[in-house]
1. Any residue at all in the stretch 133-145 that's of a type in the set (Ser, Thr, Tyr) and part of a helix (DSSP H, G or I)?
2. Name the residues in the stretch 122-150 that are closer than 21 Å to residue 167 by Cα, out of contact with any Phe, Trp or Tyr (no Cβ under 7 Å at 6 or more places or on another chain) and of a type in the set (A, V, I, L, M), would you?
3. Quick one: how many residues across the stretch 24-49 are at pLDDT below 85 and touching a helix residue (DSSP H, G or I) at 6+ places or on another chain (Cβ under 8 Å)?
Amino acid sequence: MPFKPAENPKCPKCQKSVYAAEERVAGGYKWHKSCFKCGLCGKMLDSTNCTEHEAELYCKNCHARKYGPKGYGFGGGAGCLSMDTGSHLQQGDDIVVSRAPLLPKAIAKAPEGEGCPRCGGYVYAAEQMLARGRAFHKTCFKCAVCNKGLDSVNVSEGPDKDIYCKVMPPPKPR
């Protein structure tokens, strides 16, 4: 038997021979560098952003659009996949909705004079708001008069050492 050289593989896109110097590989097929692009949007691809489906290349977005799940709730943010059809919302009379108030989370009490001036609980660095050297919880950092949330720009301290917003003046000392 005479020696017969192996044929070069054919590019699935253009059906021409692909030589080693110009090949790109995806899904077990060899492609020309110029043919290695998305079949829908034409975007040039590389090994990190390509998907092969039945000898056709796609970018990840086009592949998901063409072959991914369809319908409401699919592909909606942060890569989530929801199988919820919403049928439980159509039945009406057998749904029980809880109207229980949300309870605040328990805060461990700090020794007297060391915790948050409002609630007395420990204040950790990640949640602290400072006013005149005292550390408050972010949720406790509110105006003593109007209960508006405060920040470092609109906080002021009254003569009673409590904190107030700059809009609401602290009460006058007696």
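1. yes
2. Scanning the stretch 122-150 gives 130, 131.
3. 1
The values are calculated or read from the model by the stated rules, or taken from the named source; none is laboratory data. Being a predicted model, the structure only gives us computed values, none of them experimental. Positions of Cβ are backbone-derived with ideal geometry, glycine not excepted, and every protein chain shown enters the neighbour counts.
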